[in-house]
Amino acid sequence: MRPYDHQLANRLKGHLTAFHQTHRALPGIEDLPQFDTFVEQIIESIRRIRYVDVIQRRPISNARTDPHTTLFDPIKAAVLFRRTGHIEEAFWMLFLFVHFGKHRNGGWRYIRDVYGRLGGTGYWTWQNVSADPSAFRAWLAQHQAQIRRTPPPGGFGNHRKYQSLDAYSSNGTGAAVESYARWVAPPRTHQELFQEAYQQAGGQRRSAFRLLYNSMKAVTTFGRTARFDYLTMVAKVGLAPIEADSAYIQGSTGPIQGAKLLFGSNITRKDSERVLIQLGDYLQVDMQVIEDALCNWQKSPHTFRPFRG
């Protein structure tokens, strides 16, 4: 660990111990190796999630928005689009980032191929896709075999490994994109959609997050993880005043197993959600850190192993 990480680890251990003694028993940290590993996973999650904060303070090359180059990066592209006032494209880039994910070997190739029309004329920008989703699906149907080609390697990221590229199946990329467009409902903009939720929530960031999370059920293939990842990324990039109000472990596998490891196997999912909110506030970390750390910790509770989504 770096010196800062040691200081953070000591602070987290102190807070976790105090929470265990005065708020709610945490059986999962009574075993010292598990305790140390959990703290390391929290730090790893903080570091990974703060990555967006770091890149927002740095210069970003325009090449990061060009899918015809290997320099393309959807996160950096979203930050640059927000920075240059292309807000709708920033939202769209984050949708593509979550939908496709980053393949372990192929990186961002699926996003590059789709967004950049396989090197053809123009891009599948939000303006182009939202104006005619059926045209996007027709293009995808014509080219999906070429996108699937190997080599070079490509594919969906780990969180999306069961996702389909298919243009016309009920749970494929074509359906996901078209349902996302219906969710935004042009000519309404993303900004207007999120502002409406914020106003409906009475200016409460966490309530607005929950409203949007629930409404995103309308987006095909966007289950618990995808909705949570998309909305927390929107918040981190600074596109909307929202904040996760829960770890949303209902319907999860890894995070709920991590919660049972931490609180004991008898805790209900409803109680887990409630106590995790308290724990996140007590540790002064956001709910994405808690969700991510629990998921990774339960995979290897006694030995720290870095995991990538």
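Odds and ends about this structure:
- Checklist (1) at pLDDT 95 or above; (2) open to solvent by 10 Å² or more (accessible area, probe 1.4 Å); (3) not in a helix (DSSP H, G or I); (4) not charged (D, E, K, R) applied to Thr70, failing item: (1)
- Selection within the range 9-48 - open to solvent by 20 Å² or more (accessible area, probe 1.4 Å), assigned to a helix (DSSP H, G or I) and aliphatic (A, V, I, L, M): Ala18, Leu32
- Residues that are polar (S, T, N, Q) and either farther than 17 Å from Arg305 by Cα or without any contact (Cβ under 8 Å) to a residue 24 or more places away in the chain (or both), drawn from the range 23-67: Gln56, Ser61, Asn62, Thr65
- Remark: pairs (first residue in the range 193-215, over 10 Å from Ala240 (Cα atoms); second residue exposed (fewer than 14 other Cβ atoms within 10 Å of the Cβ) and not small (Gly, Ala, Ser); Cβ separation under 7 Å; 6+ apart in sequence or on different chains) = Leu211/Gln200.
- Residue satisfying all of: in the range 175-192; in contact (Cβ under 8 Å) with a residue 24 or more places away in the chain and closer than 21 Å to Gly85 by Cα; most open to solvent (accessible area, probe 1.4 Å) among these: Gln191
- For the range 145-165, the candidate set comprises residues that are touching a helix residue (DSSP H, G or I) at 6+ places or on another chain (Cβ under 8 Å) and of a type in the set (S, T, N, Q); within that set, the residue that is surrounded by the fewest Cβ atoms within 10 Å (Cβ to Cβ) is Gln146.
- In this structure, Ile249 qualifies as at pLDDT below 95, closer than 23 Å to Val289 by Cβ and among the β-branched types (Val, Ile, Thr).
- Conditions (1) on the phi > 0 side of the Ramachandran plot; (2) part of a helix (DSSP H, G or I); number of the one not met by Gly122: (2)
- Yes/no for Thr220 being polar (S, T, N, Q) and in contact with a Gly (Cβ under 9 Å, 6 or more places away or on another chain): yes
- Tyr123 being touching a Pro at 6+ places or on another chain (Cβ under 8 Å) and surrounded by fewer than 20 Cβ atoms within 10 Å (Cβ to Cβ): yes
- Entirely in the range 185-285, the helices (runs of 4 or more DSSP H) that have 3 or more residues that are farther than 22 Å from Gly101 by Cβ: 190-200, 205-215, 254-263, 269-283
- Any hit, the range 220-232, residues being more than 27 Å from Ile55 (Cα to Cα) and surrounded by 15 or more Cβ atoms within 10 Å (Cβ to Cβ): yes
- Qualifying residue in the range 265-277 (condition: in contact (Cβ under 8 Å) with a residue 12 or more places away in the chain, touching a helix residue (DSSP H, G or I) at 6+ places or on another chain (Cβ under 8 Å) and more than 15 Å from Cys295 (Cα to Cα)): yes
Residue-by-condition table, conditions (1) touching a Ser or Thr at 6+ places or on another chain (Cβ under 6 Å); (2) in contact (Cβ under 8 Å) with a residue 60 or more places away in the chain; (3) closer than 25 Å to Pro186 by Cβ:
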site	(1), (2), (3)
Trp124	no, no, yes
Asp132	no, no, yes
Leu140	no, no, yes
Ala145	no, no, no
Phe156	no, no, no
His159	yes, yes, no
Leu165	yes, no, yes
Tyr168	no, no, yes
Asn171	yes, no, yes
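- Exactly one residue out of Gly172, Gly238, Gly254 is open to solvent by 20 Å² or more (accessible area, probe 1.4 Å) and farther than 20 Å from Gln127 by Cβ, and it is Gly238.
- When Phe100, Phe95 are checked against the criterion of being surrounded by 22 or more Cβ atoms within 10 Å (Cβ to Cβ), out of contact with any strand residue (DSSP E or B) (no Cβ under 6 Å at 6 or more places or on another chain) and under 14 Å from Pro67 (Cβ atoms), Phe100 stands alone in meeting it.
The values are calculated or read from the model by the stated rules, or taken from the named source; none is laboratory data. The model shown is predicted, which means the values in this text are computed figures rather than measured ones. Don't worry about glycine lacking a Cβ; one is built from the backbone with ideal geometry, like all the others, and counts go over all protein chains shown. Side chains included, ligands, DNA and RNA excluded: accessible areas come from the protein's heavy atoms. Shrake-Rupley method; radii C 1.70, N 1.55, O 1.52, S 1.80 Å.
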